[in-house]
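Scroll down for the structure; my scribbles are underneath it.
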Amino acid sequence: MVESTKNLVLAEFLQHPQEWLSGDLLANQLGISRESVWKAIRSLKASGHQIESKKKSGYCYQGSLKLDPQVVANYQQIKPAVKVLCFDEVASTQINAKDYISKNTIDAPVAITAEGQFGGYGRQGRHFVSPSGRGIYVSLILPVKDSKLEPGLLTTSAAIAAIRALSSFFPNKDFQVKWVNDLLLNNHKIGGIITEATMDLESQHYSAVIIGLGLNLLPVDFPAEIRAKAGSVMDESDPAVDRNVILAKILDELVLMSTNYQNSDYLDEYREKLILTNQEVTVQVGSEFINGRVTGIDDQGSLLLINEQGQAETIYSGEVTKIKLLSNLNL
């Protein structure tokens, strides 16, 4: 059996989700033997696809326990679908994305994703726990059509794009954000976003931007040192959702966002989701720590606050390391 036979059988299942398809029907539809169908299904099961079999009914596709490029592409609404490269485990999808850029011309979006990461990182190089099969760890490479980038707006808009995707599956969950890149649920961090750009040395213009998303999707037994801060999107009461379907929606929302992230709708929604407004916080900017009360977000995605001396400050880049009323999120 060649690999394409397996893909053809999977494509047939994806066109008929939750439907029973007999081996004869699959063989006739695809012009292959019953034995080839059986071998393809055995191979799909070994790859993590959940396929139920029943006498006289045939086979019924139930989804996949692992991320699969073909399944992700099937569920993407924006066409052409983003090219997705899936790995079992990597140090970091961000590192793989940078390596990919160094070896390829980027003229269309490409997503690097992995089942797990042993060196996942966020802002300040802080480690992001990424257990295999429990989350979504993805780095989306986007070509830069012109040299102009607005990093503050891009990061805040990416957070809202991710929340929009999650809210379509979990409409009753109140997702929030902590400036600039943390995703929260029930006052616990469930994910983070990092944006990095690469520059063409000859033209001195940006050539591509990488939006990295680390998301705790399924419940995890977190290490003791982060247990009070970290959480997951789903709990034991939530019905199962195929991670491929969620990843497809996230990619759709991020690609859409990349075309109009200067749109004030994203920033307005970010302000609504911001957990810091009117909170007393400590912000680290380089080696300096600034204490003050957050008053909002400006039109470039920067943090606005009144410092201890009563002066208004605009913070373009930094990290909120302490929130007075939420000690569990203090870093």
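Observations
- Annotation for the stretch 52-68: at least one member residue is in contact with a strand residue (DSSP E or B) (Cβ under 8 Å, 6 or more places away or on another chain), surrounded by 13 or more Cβ atoms within 10 Å (Cβ to Cβ), closer than 30 Å to ALA197 by Cβ and not hydroxyl-bearing (Ser, Thr, Tyr).
- Checklist (1) part of a loop (DSSP other than H, G, I, E, B); (2) open to solvent by 40 Å² or more (accessible area, probe 1.4 Å); (3) closer than 23 Å to SER64 by Cβ applied to GLY133, failing item: (2)
- ILE290 being surrounded by 14 or more Cβ atoms within 10 Å (Cβ to Cβ) and closer than 26 Å to LEU213 by Cβ: no
- Selection within the stretch 220-230 - open to solvent by less than 40 Å² (accessible area, probe 1.4 Å) and either touching a helix residue (DSSP H, G or I) at 6+ places or on another chain (Cβ under 6 Å) or free of Cβ contacts under 8 Å to residues at least 40 places away in the same chain (or both): none
- Count - residues of the stretch 311-331 that are over 20 Å from PRO151 (Cβ atoms), modelled with pLDDT of 95 or more and of a type outside the set (A, V, I, L, M, F, W, C): 1
- Residue tally, condition farther than 30 Å from GLN15 by Cβ, open to solvent by 10 Å² or more (accessible area, probe 1.4 Å) and not charged (D, E, K, R), over the stretch 101-120: 8
- Condition met for ILE250 (closer than 17 Å to GLY152 by Cα, among the hydrophobic types (A, V, I, L, M, F, W, C) and touching a helix residue (DSSP H, G or I) at 6+ places or on another chain (Cβ under 8 Å)): no
- Check on PRO17, under 20 Å from ILE211 (Cα atoms) and either touching a residue at least 12 places away in the same chain (Cβ under 8 Å) or in contact with a Gly (Cβ under 6 Å, 6 or more places away or on another chain) (or both): no
- Output for the stretch 39-98, where each listed residue is of a type in the set (Asp, Glu) and within 15 Å of ILE136 (Cβ to Cβ): ASP68, ASP88, GLU89
- A single entry from VAL285, VAL255 fulfils the requirement of being surrounded by 14 or more Cβ atoms within 10 Å (Cβ to Cβ) and either modelled with pLDDT of 95 or more or acidic (Asp, Glu) (or both): VAL255.
- In this structure, LEU325 does not qualify as over 26 Å from SER139 (Cα atoms) and buried (at least 20 other Cβ atoms within 10 Å of the Cβ).
- Out of VAL233, VAL241, VAL245, sole residue that is open to solvent by less than 10 Å² (accessible area, probe 1.4 Å) and within 12 Å of LEU166 (Cα to Cα): VAL233
Residue-by-condition table, conditions (1) touching a Phe, Trp or Tyr at 6+ places or on another chain (Cβ under 9 Å); (2) aromatic (Phe, Trp, Tyr):
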site: ASP265; (1), (2): no, no
site: TYR270; (1), (2): yes, yes
site: LYS273; (1), (2): yes, no
site: ILE290; (1), (2): no, no
site: GLY296; (1), (2): no, no
site: LEU304; (1), (2): no, no
site: GLY318; (1), (2): yes, no
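- Of ALA230, ALA224, all but one fail to be under 20 Å from the mean Cα position of the chain (by Cα) and small (Gly, Ala, Ser); the exception is ALA230.
Residue-wise test of (1) assigned to a strand (DSSP E or B); (2) under 19 Å from LEU254 (Cα atoms).
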residue: ALA161; (1), (2): no, yes
residue: SER167; (1), (2): no, yes
residue: VAL180; (1), (2): no, yes
residue: ILE194; (1), (2): yes, yes
residue: VAL209; (1), (2): yes, yes
residue: GLY212; (1), (2): yes, yes
residue: PRO219; (1), (2): no, no
residue: PHE222; (1), (2): no, no
residue: PRO239; (1), (2): no, no
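- Residue match in the stretch 143-156 (condition: open to solvent by 20 Å² or more (accessible area, probe 1.4 Å) and at pLDDT 95 or above): no
The values are calculated or read from the model by the stated rules, or taken from the named source; none is laboratory data. These numbers were taken from a predicted model, which means no experiment stands behind them. Glycine gets a Cβ as well: all are built from the backbone with ideal geometry, and neighbour counts include every protein chain shown. Heavy atoms of the whole protein, side chains included, go into the accessibility calculation; ligands, DNA and RNA do not. Shrake-Rupley method; radii C 1.70, N 1.55, O 1.52, S 1.80 Å.
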